Amino acid sequence: MSGGRKICMTDSTGRMLFSIPDGGIIRMLYGNGEDYFAVCHYLDESHAEIDGVRYAVREFAQRMEENRISYAPA
């Protein structure tokens with residue numbers, strides 16, 4: 001983890017849910033009971049690399065909402 005940078009995870013409307021440090025991990029819980037852990041890297045104030053894919057944080061939230069996947073800090 002580096003430099004004290006924080007990734008502010010939001011919902012698709014931009015409401016802050018939680019923050020994690022650069023290099024932190026989120027747990028994604030699927031509707032079938034399976035879970036998955038993803039490493040997150042800070043890119044800038046509104047973008048992060050999540051499991052190797054670059055996202056706008058709100059875009060990531062929208063995709064998770066559409067797929068009914070919940071997520072939280074691990």
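Yes/no matrix, rows are residues, columns are (1) surrounded by 13 or more Cβ atoms within 10 Å (Cβ to Cβ); (2) in contact with an Asp or Glu (Cβ under 9 Å, 6 or more places away or on another chain); (3) outside any loop (DSSP other than H, G, I, E, B):
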position: Ile7; (1), (2), (3): yes, yes, yes
position: Phe18; (1), (2), (3): yes, no, yes
position: Met28; (1), (2), (3): yes, yes, yes
position: Asn32; (1), (2), (3): no, no, no
position: Phe60; (1), (2), (3): yes, no, yes
position: Arg68; (1), (2), (3): no, no, no
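Residues in the range 49-58 that are surrounded by fewer than 18 Cβ atoms within 10 Å (Cβ to Cβ) and hydrophobic (A, V, I, L, M, F, W, C): 2 in all.
I'd like the residue in the range 31-45 that is at pLDDT 95 or above and not charged (D, E, K, R) and, out of all such residues, is farthest from Pro73 (Cα to Cα). Within the range 31-45, the match that is farthest from Pro73 (Cα to Cα) is Leu43. Of the numbered criteria (1) over 18 Å from Gly4 (Cβ atoms); (2) under 10 Å from the mean Cα position of the chain (by Cα); (3) in contact (Cβ under 8 Å) with a residue 12 or more places away in the chain, the one Cys40 fails is (1). Among the residues making up the range 20-37, those that are among the small types (Gly, Ala, Ser) and touching a residue at least 24 places away in the same chain (Cβ under 8 Å) are Gly24, Gly31.
The values are calculated or read from the model by the stated rules, or taken from the named source; none is laboratory data. Worth saying up front: this structure is predicted, and the values here are computed from it rather than measured. All Cβ positions, glycine included, derive from the backbone under ideal geometry; neighbour counts span all protein chains shown.
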